[in-house]
Amino acid sequence: MIIVYYHNQKTEQVLQNLSTSNDGLSVSEAKKRLLELGKNEIKSVKEKNLLQRFLLQLYDFSIIILLIAAAVSYGISKISGQSNMTDTIVILAIVVINAAIGVFEESKAAKALAALKDLSAPISAVRRSGKNIKIPASEIVKGDILILGAGDMVSADARLISSEQLKTDESTLTGESLPVEKSAAVLLPVNVNTADRKNMVFSSTLITGGHGEAVVVQTGMDTEIGKIAKMLSTQKTEDTPLQVRLSKLSKYLGIAALAICALIFALALVRKASAMDNFMTAISLAVAAIPEGLPAIVTIVLSLGVGKLSKKNAIVRRLPSIETLGSASVICSDKTGTLTQNKMTATRVYLPNKKELDAENSYAENIFMYASLCCNSTVEKRRGKVTAVGEPTENAIINALLKTKTKYHNIIKDYPRVKEIPFSSETKLMTTIHKSFDGYIQITKGAPDILIPKCAYYYNGNKEVVLGINQRNMALKANADMASDALRVIAVSVKRISSPTQTTVSDMVFLGLIGIEDPIRPEAKKAVSVCRSAGITPVMITGDHALTAVATAKRLGIYTDNSTVLSGDALEKMSDDTLKKEARTCSVFARVTPLHKVRIVDAYKANGEIVAMTGDGVNDAPALKRADIGCAMGKSGTEVAKNASDIILMDDNFATIVNAIEIGRGLFDNIKKSVRFLLSSNIGEILLVFTAFILGYSAPLLPIHLLWINLVTDSLPAMALGMERPESDIMRRKPLPKDKGILSKTEWLDIVIEGMLFGALSLFAFIFGTTRYSIGVGRTMAFCTLSFIELFHAFNVRTAYSIFKISPFENINLFFGNIICALLQLSVVVIPALTKVFNTTILNSAQWQIVLLLCIAPLLVCEAEKYLQNRKLKDINRKKLKLALE
């Protein structure tokens, strides 16, 4: 396939290649091409129906484990002659809820593509057979001549064939924050970036000023916007780190359950024991190994985070993304509007007699007055505030004047405009002529390097003085200094003339320079510092030029002495492996395309990073979807970006991401506590049932007992642990590496030790009750011992420090949750009707005393364990400090 670079061809050559002319296509030729090439539309991929998507959600190991648990629960009720379907219904409900969440998440891509369709212009003005007509945008074909004017949305990618002061807003496509000047006369190199193709206009961008004509070169899915649609439709939503870790955990537990069941059957064959008893024991162990409540508990804990994040101006679209954000190790952020205020503001001025001043200095009032007269922005009252409306740079100048004592409406009235020479890319200047009390005033503003050499004088505050070489050089140096600080610099000059016809841009009086910038958000710099402390690398990805981006990144603390910057042109020439290496030190990517953004995200992911990506434009959508966590802007964001994201930042603020990370880390900590609590309980159950079998006893707990503990007694404390307050040092820790499990080796060791302890104490209760009283008493004592041990253990899991150092009322949900669980547990062993359902026996006071003593023991053991671990940690830190001081 031959790639044609229309921006590299003259207009005559483009028209010839597309077999068209300035008169446009004939009606018949247009119809023929429409049939051959298809409509100018964003195509949708064929979607699976609801049932197919739902069934695909069930194709997951953890879900299969839950379905087995439901089948086991049903089988047990049938074998035991009971018709209790409660456990089966609860487990199936968990499966349905998880599958429904998955189906909801998958619908995001379809919504993003639908939003892309909405961006297309419904009606377009074209020339066909020499006549200007309006047709549906979907009927545009290659070779059509587009008629473009201010306010029009471009309906296809096109090469300009004529232009007059044409400007476009390409922010949603390229990330360029300012209107882009276009020119049909420009001829560009083949490898020029999309954002720099000044002789092209692109589908779904907006004409903000001027007018022109363009020949359509690409339509539908072949346009730049269509390429983004292709990327969105082909990208698959990856599992979050938490989903991967929990999936691995479920697999390990499932395999362990199957292995234990196989071992029991093997031993049973050797012993020639009862097949039914062995089957019941094996089923009990399988149920014991499966934490049936875990998926629901994780979902509920994450749902609690949704409410917390909404209070911090972050709306969650994909539930697991909350935890993923907490695991983020790299944040790729757009500059405009996220790290900056997206409001061009005049912040500095240079006056020949006063040198550099703050823009709000009273001496700057004069230059803002003249510069405002040479602006086309208007002043309106919006939301009770008077503000400039129009081109961002001119708005900044007029808004600066509005802060002074000079009345804008008075100067417009006193100095009416009689003539204008518009700004052009060739002259880089704009000139206006105004009637004054004693003649006419010519005001010119524009590029300092063009305007300063045309000035012969400067104003020293009292009179006009000859602009010497020293003053000229000082002004040019001030321009360079401002530009290096990422300011957009405008030079302003005046000249008195006797007639509007005498307009010449020469012998002007230089008034000074105005430095305009998009100021950084005050809270963004602090947020970047917090990121550094938390081991998170902030990266700026922008459509702006490298010089502007680096200057802003330096002020924010993103760009440091060890950082590098990469432009889109340099990135284009790099292999994926080279980019992967460069990404390790690069903190600023400038002038990038949508495909570049996806490659940047992939490079960081290839380095093992968990990537959060912010964006607001159509061009950001593929990268938002590809990132581990996509954060779209709520205020300035397009619907395409929002629908491709995981989280929407309602205030478009980088600091909100950092706040969300803190909440995400807290939730991950709490999920770990819940997992530790549930697994130590499950290991206790497994060891209890398995050891009793090895010793030749009957099953110490029936499957209904195990399901009750897993789904009821354990669930409320596990959920309540998800509501713990974050630890004070949570944003001073490094992110958990992507390849690490949900639990560390030390935590696994703690869980195993705790599980062994719970199993041993419950086994003692079972043997004691069975030998002294009966099998029914033994099972009831083991049932109560294990249940109440776990309720006490929930307080142990709350903190790595002594539980006696924190108030039990700090987590009021855990306190009352445990009380409810204790009452529920008592009800199934005290209320006669329930004892029949659960096959339990009412215990006497002596038996309850044994149970209580056994329940308290783990609390004391865990306190001793924490004491030893904390003392060891203090010794290690003391040695590190001693070595550092030496």
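The values are calculated or read from the model by the stated rules, or taken from the named source; none is laboratory data. Just so it is clear, the structure is predicted and the values come from calculations on it, not from any experiment. As a convention, Cβ positions derive from the backbone with ideal geometry for all residues, glycine included, and neighbour counts pool all protein chains shown. In case anyone asks, the SASA skips ligands and DNA or RNA and just uses the protein heavy atoms, side chains included. Shrake-Rupley method; radii C 1.70, N 1.55, O 1.52, S 1.80 Å.
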Query raised in the report: Which is open to solvent by 10 Å² or more (accessible area, probe 1.4 Å), modelled with pLDDT of 90 or more and not acidic (D, E), of S177, S171, S129, S138?
Result: S129
**Report entry** Residue pairs meeting the criteria (Cβ under 6 Å; at least 6 apart or on separate chains; first in contact (Cβ under 8 Å) with a residue 60 or more places away in the chain, in region 360-374; second part of a helix (DSSP H, G or I))
**Finding:** F368/A400; F368/L401; A371/I397
Query raised in the report: For region 147-167, does any single residue satisfy the condition of being of a type in the set (V, I, T), open to solvent by less than 10 Å² (accessible area, probe 1.4 Å) and part of a strand (DSSP E or B)?
Result: no
Report task. Could you list all residues from region 800-834 that are open to solvent by 20 Å² or more (accessible area, probe 1.4 Å) and either in contact with a Phe, Trp or Tyr (Cβ under 8 Å, 6 or more places away or on another chain) or part of a loop (DSSP other than H, G, I, E, B) (or both)? Result -> A800, Y801, S802, I803, I806, S807, P808, F809, E810, F815, A822, I831
Report task. Name the one entry in I367, I397, I433 that is of a type outside the set (S, T, Y), under 28 Å from S499 (Cβ atoms) and part of a strand (DSSP E or B). Result -> I433
**Report entry** Hits in region 561-591 - residues which are open to solvent by 10 Å² or more (accessible area, probe 1.4 Å), modelled with pLDDT under 90 and under 22 Å from the mean Cα position of the chain (by Cα)
**Finding:** R591
Report summary line: Within region 453-465, residues being closer than 18 Å to I443 by Cα and open to solvent by 50 Å² or more (accessible area, probe 1.4 Å) number 6
**Report entry** Number of the exception - E609 against (1) part of a helix (DSSP H, G or I); (2) at pLDDT 90 or above; (3) touching a strand residue (DSSP E or B) at 6+ places or on another chain (Cβ under 9 Å)
**Finding:** (1)
**Report entry** Number of positions in region 848-860 that are within 14 Å of A760 (Cα to Cα) and either small (G, A, S) or open to solvent by 70 Å² or more (accessible area, probe 1.4 Å) (or both)
**Finding:** 2
Requested in this report: Could you check, for region 17-35, whether at least one of its residues is at pLDDT 90 or above, at negative phi, among the acidic types (D, E) and crowded, with 16+ Cβ neighbours inside 10 Å?
Outcome: yes
Report summary line: Scanning region 442-478 residue by residue, those in a loop (DSSP other than H, G, I, E, B) and either in contact (Cβ under 8 Å) with a residue 40 or more places away in the chain or under 19 Å from I497 (Cα atoms) (or both) turn out to be A447, N460, G461, K463, L467
Query raised in the report: Mind checking which residues of region 835-847 are surrounded by fewer than 14 Cβ atoms within 10 Å (Cβ to Cβ) and modelled with pLDDT of 90 or more?
Result: I842, N844, S845, A846
Requested in this report: Only residues that are part of a loop (DSSP other than H, G, I, E, B), modelled with pLDDT under 90 and over 25 Å from V640 (Cα atoms): list them for region 190-210, please.
Outcome: V190, N191, V192
**Report entry** Residues (over 11 Å from the mean Cα position of the chain (by Cα) and either surrounded by fewer than 24 Cβ atoms within 10 Å (Cβ to Cβ) or of a type outside the set (V, I, T) (or both)) located in region 622-651
**Finding:** P622, G634, K635, S636, G637, E639, N643, M650, D651
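Being in contact with a helix residue (DSSP H, G or I) (Cβ under 6 Å, 6 or more places away or on another chain) and not charged (D, E, K, R) narrows it down to one residue among T614, T593; which is it?
Working: T614 fails: in contact with a helix residue (DSSP H, G or I) (Cβ under 6 Å, 6 or more places away or on another chain).
So the residue among T614, T593 that is in contact with a helix residue (DSSP H, G or I) (Cβ under 6 Å, 6 or more places away or on another chain) and not charged (D, E, K, R) is T593.
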Query - Scan of region 487-501 for residues that are over 14 Å from S436 (Cβ atoms) and either open to solvent by less than 20 Å² (accessible area, probe 1.4 Å) or in contact (Cβ under 8 Å) with a residue 40 or more places away in the chain (or both), ordered by number - result: L487, R488, V489, I490, A491, V492, S493
Query raised in the report: Of all residues in region 537-554, which are modelled with pLDDT under 90 and open to solvent by 50 Å² or more (accessible area, probe 1.4 Å)?
Result: H545, L547
Report summary line: Filtering region 352-364 down to residues that are over 24 Å from N473 (Cα atoms) and charged (D, E, K, R) yields E360
Query - Any chance E517 is more than 18 Å from the chain's Cα centre (by Cα), open to solvent by less than 40 Å² (accessible area, probe 1.4 Å) and in contact (Cβ under 8 Å) with a residue 12 or more places away in the chain - result: yes
Query raised in the report: Name the pairs: first residue in region 781-798 and touching a residue at least 12 places away in the same chain (Cβ under 8 Å), second residue open to solvent by 10 Å² or more (accessible area, probe 1.4 Å) and among the acidic types (D, E), Cβ to Cβ under 7 Å, at least 6 apart or on different chains?
Result: R798/E724
Query raised in the report: Can you spot a residue in region 351-362 that is closer than 20 Å to G210 by Cβ and open to solvent by 30 Å² or more (accessible area, probe 1.4 Å)?
Result: no
Report summary line: Counting only residues in region 533-552 that are under 20 Å from the mean Cα position of the chain (by Cα) and in a loop (DSSP other than H, G, I, E, B), the one farthest from V611 (Cα to Cα) is identified as G543
Query raised in the report: Can you tell me how many residues in region 1-23 are farther than 18 Å from I147 by Cα, of a type in the set (S, T, Y) and assigned to a loop (DSSP other than H, G, I, E, B)?
Result: 2
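Residues are listed down the side, and each one gets a yes or a no for (1) surrounded by fewer than 21 Cβ atoms within 10 Å (Cβ to Cβ); (2) touching a His at 6+ places or on another chain (Cβ under 9 Å); (3) touching a residue at least 40 places away in the same chain (Cβ under 8 Å); (4) not in a loop (DSSP other than H, G, I, E, B):
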| site | (1), (2), (3), (4) |
| --- | --- |
| V689 | no, no, yes, yes |
| A692 | no, no, yes, yes |
| G696 | yes, no, no, no |
| L701 | no, no, yes, no |
| I704 | no, no, yes, yes |
| P717 | no, yes, yes, yes |
| S728 | yes, no, no, no |
| D739 | yes, no, yes, no |
| L743 | yes, no, yes, no |
Query raised in the report: What do you reckon, is V494 in contact with a strand residue (DSSP E or B) (Cβ under 7 Å, 6 or more places away or on another chain), over 21 Å from F423 (Cβ atoms) and modelled with pLDDT of 90 or more?
Result: no
Report summary line: Those residues of region 656-672 which are of a type in the set (D, E, K, R) and either surrounded by fewer than 23 Cβ atoms within 10 Å (Cβ to Cβ) or over 26 Å from L791 (Cα atoms) (or both) amount to E662, D669, K672
Requested in this report: Just name the residue that is farthest from I490 (Cα to Cα) out of those in region 380-399 that are surrounded by fewer than 19 Cβ atoms within 10 Å (Cβ to Cβ) and of a type in the set (A, V, I, L, M).
Outcome: V386
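Just one of S493, S425, S484 is touching a Ser or Thr at 6+ places or on another chain (Cβ under 9 Å) and within 30 Å of A553 (Cβ to Cβ); which is it?
None of the others qualify; the one that does is S425.
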